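Read the structure below first, then the notes.
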Amino acid sequence: MFGMRNRQDWSFEQFAIVLLQTILIYMVAGLVFPDFFGDASIDLRESFYSHRRWFFFLGFAVVVVSVSKGLVLDGKLPKRTDLMFHAVFGFTVVVGALTKREWYHKALVVFTIPVFILYIVVLYARMH
């Protein structure tokens with residue numbers, strides 16, 4: 001979003017897509033930890049599995065909106081490398097929503113962190 005700091009020709013659709021991405025990321029973050037008040041103890045594993053579908057489908061929505069943002073803001077899809085990373089992230093979150101297998105969810109954490117770091121390095125190493 002830092003690259004949009006000098007943009008002055010905003011339309012409603014452009015602002016809405018940027019805002020939608022922010023809202024979806026906030027909603028995903030809100031599902032990570034459950035709300036609790038008082039002395040009640042929360043089983044985070046149980047909470048994760050009870051909200052897992054929402055978490056991953058909202059994550060997929062973030063991926064879709066991220067790709068769509070390029071269309072709305074610039075009138076074109078992101079570059080091929082960027083689209084490939086989006087496809088990988090999209091695929092992994094859809095599988096995460098559809099499976100309850102604990103090994104997958106553990107492996108997803110181990111896989112996603114280095115891939116996300118690689119995504120940042122490959123796409124943003126040469127800032128303009």
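Scanning the chain for long hydrophobic helices, with DSSP H runs required to stretch 15 angstrom or more by C-alpha along their axis and to average at least 1.6 on the Kyte-Doolittle scale, returns 12-32. Remark: the chain carries 75 Å² of accessible area per residue (probe radius 1.4 Å; ligands, DNA and RNA excluded). Measuring max minus min along each principal axis, the C-alpha atoms of segment 1-67 give extents of 50, 24, 18 Å (largest first).
To the nearest 10, the accessible area of residue 66 is 30 Å² with a 1.4 Å probe.
Summarising the overall dimensions of the chain from its C-alpha atoms, the Rg and Dmax are 16.9, 52 angstrom.
To the nearest 0.05, what FRET efficiency results for residue 57 and residue 117 with a Förster distance of 41 Å applied to their C-beta separation? So the FRET efficiency works out to roughly 0.95.
The values are calculated or read from the model by the stated rules, or taken from the named source; none is laboratory data. Just so it is clear, the model here is predicted, and its values are computed rather than measured. Reconstructed Cβ throughout: ideal geometry from the backbone, glycine too, with neighbour counts over all protein chains shown. The accessibility values were calculated without ligands, DNA or RNA, using every heavy atom of the protein model including side chains. Shrake-Rupley method; radii C 1.70, N 1.55, O 1.52, S 1.80 Å.
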